[in-house]
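> One structure, as structure tokens, below. Some questions next.
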Amino acid sequence: MPEGDSNNGSTKKVANGLVAASCAAVLTVYTAGYIRTKSAVDRFEAQAAERRAALPESKRIVGRVDGPRSAMRTEPATERSSRHFPAHDAARAPKRITPALPPPPEVKLLDPSDAGEPIALDVSRLPLASDPGSQAAVLPQPPASPAESTVEAVAPAPSAPKWKDGTYLGWGTSRHGNIQAEVVIEQGRIASAIIAQCRTRYSCSVIEQLPPQVAQRQSPDVDYVSGATQSADAFYFAVVDALEKAK
Amino acid sequence: MPVSTKTAMGTLVTIEVVGSGEGADELGAAMDCAFGWFHEIEERCTRFNPRSELMQVCSCSGVPVPVSTILYEAVRFALMLAEESGGAFDLTVGHRMEKRGFNREHRTGDIVLSPITPDDDVSFRDIALNPDRKTITLRRPLTLDLGAVAKGLAIDLAARELAPFQNFAIDAGGDLYLGGSNAHGTPWHVGIRHPRSDGQTIASLRVSNQAVCTSGDYERRSPDGQHHILDPRTGENPDDIASVTVIASGAMLADGLATAVFVLGPVHGIQLLSRLAVEGLIVTSDLRRYVTQGLQQVA
């Protein structure tokens, strides 16, 4: 079978009216859509960067991790590189849906006690792509050895912030839409948090496991959800917004 | 290599991005946006949903209707194509398509009929646009059909979303846009389906940063066996051509031209493509091939 090479744009005549019109139409529609969503996208990107930068510098501590923990930390990268996707033939290859992977998680020390003491490691922020609904695992940490690698870990929030009792609403945005959270504060603690309004393009059922985490953790710092990172971020910011009003 | 498939516009849409999966978050977001365009455009431009923006316009003939940028640009391009092809492509064939039995919503299977019975002689000349106010006026009652244009527009917008990733393929029911190169670092190979023999290709192309769209008489037949392309000037199925493949800078252009060329027939079809400096391959019902200058090797 003969093969033709149609990629010879340099020899083509100057684009005529219809060809130019098709390009212009695509550009016009794209630009209109871009303008409409640009501010939201920018806001989203700034927020996402902020969230991923985690807590302020003053709250960071340096901890030592052992072998197994280092391995866990690199898990997402390993998972990405070992994924086998169909090689090149889109027409014949099996179709697969790839969820958006969350960013590499942070290792969080729940109890930054003496290095020699066993402490708990919260791996809840690790992406659980195969089982997003599973509960966060808390693994005991074997004694650290000085020879091993050092990673930055994040200390827990200090004592519970002083929130005023009441019911507070807050909005969080993403490029797929907005989420309103309702947070109830009782006796200075988060008694409950729910999704009050779901105005995202996708159903909020994908992040239904997140609201209970707010009261459990007394913090807006909920899990990332593989395939729903943007909804999860929107919920996070909605809770942050609500808690701001409770201060 | 990330691949994702979703249903949109009555067909399967597959997006494949060449790469190791680095920047997965950005890629995921870009893919979401790319698929988002398919849904957005389908919602506005389908004639299978009486509440779509397109059908709202169809139900308000005689008055200027302000419309979205998407619908305005799709109609504007369709009108230019109609003009350029001398009416071989005509976006007012909607009601004739309905009459031929192309009247089912692809998801529900519900029959959708527009509440209008246009005159048989309506044409694209019964549509007026106001570029300042972005309005569409239908001078007579008629049903618009943007099938050939809307899917191409969605593919082109998806390609724009994926442009930062350079090497990618978008396949919407056989209408393709191929960005950059494949996983081997060479231009994408595209096989052109043999119109009379399932599973066989009649030609093979190598394509980069271009759209490839094929209109065949083998796809989408109505209940009484007629195919989905009508000659707007006669209301009949053209019977000279089995398939038309157009390779162009964008899928909206390629898809629209494939439809127009199908109606024009091999000789006038090749003339139109040559005039526009767009490449194409025509296979007639008796399996003769007609190609444009740039595809002589394929013939």
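The values are calculated or read from the model by the stated rules, or taken from the named source; none is laboratory data. What you see is a predicted model; the values in this text were computed from it and never measured. All Cβ positions, even for glycine, are placed from backbone atoms using ideal geometry, and neighbour counts span all protein chains on display.
> If a residue counts only when it is in contact with a Pro (Cβ under 8 Å, 6 or more places away or on another chain), within 12 Å of chain A (Cβ to nearest Cβ) and modelled with pLDDT of 85 or more, which strands (runs of 3 or more DSSP E) contained entirely in the range B:181-252 have at least 2 such residues?
Numbers: elements: B:188-193, B:201-207, B:210-216, B:241-248.
Because the criterion is at least 2 residues that are in contact with a Pro (Cβ under 8 Å, 6 or more places away or on another chain), within 12 Å of chain A (Cβ to nearest Cβ) and modelled with pLDDT of 85 or more, the strands (runs of 3 or more DSSP E) in the range B:181-252 that meet it are B:201-207.
> Let me spell it out: the conditions are (1) within 7 Å of chain A (Cβ to nearest Cβ); (2) in contact with a Lys or Arg (Cβ under 7 Å, 6 or more places away or on another chain), and B:Val13 meets all of them except one. Which number is the exception?
Status for B:Val13: all satisfied but (1).
> Taking A:Gln197, is it free of Cβ contacts under 8 Å to residues at least 40 places away in the same chain and under 30 Å from B:Ala34 (Cα atoms)? Talk me through it step by step, then tell me what you get.
Details: free of Cβ contacts under 8 Å to residues at least 40 places away in the same chain: yes; under 30 Å from B:Ala34 (Cα atoms): yes.
Criteria met by A:Gln197.
> What are the residues in the range B:37-73 that are of a type in the set (A, V, I, L, M, F, W, C), within 14 Å of A:Val29 (Cα to Cα) and not in a loop (DSSP other than H, G, I, E, B), if any?
Hits for the range B:37-73 are B:Trp37, B:Phe38, B:Ile41, B:Cys45, B:Ile70, B:Leu71.
> How do the pairs read when you match residues in the range B:270-299 that are touching a residue at least 12 places away in the same chain (Cβ under 8 Å) and more than 10 Å from chain A (Cβ to nearest Cβ) with residues anywhere that are of a type in the set (A, V, I, L, M, F, W, C) and surrounded by fewer than 19 Cβ atoms within 10 Å (Cβ to Cβ), using Cβ under 7 Å and keeping only pairs 6 or more apart or on different chains?
From the range B:270-299, the pairs are B:Arg289/B:Ala299.
> Sticking with this structure for a sec: Could you figure out which of (1) modelled with pLDDT under 90; (2) more than 9 Å from chain A (Cβ to nearest Cβ); (3) closer than 19 Å to B:Ala150 by Cα isn't true of B:Ser59?
All conditions are met except number (3).
> Would you list the strands (runs of 3 or more DSSP E) that sit entirely within the range B:121-174 and hold 1 or more residues that are among the β-branched types (Val, Ile, Thr), within 14 Å of chain A (Cβ to nearest Cβ) and within 19 Å of the chain's Cα centre (by Cα)? If you could, list the steps in order and put the result at the bottom.
Numbers: elements: B:127-130, B:135-138, B:168-172.
Ranges flagged: B:168-172.
> Would you be able to say whether some residue in the range B:73-83 is of a type in the set (Val, Ile, Thr) and more than 15 Å from the chain's Cα centre (by Cα)?
Pass one, the range B:73-83, residues of a type in the set (Val, Ile, Thr): B:75.
From what's left, more than 15 Å from the chain's Cα centre (by Cα): none.
No, the range B:73-83 has no match at all.
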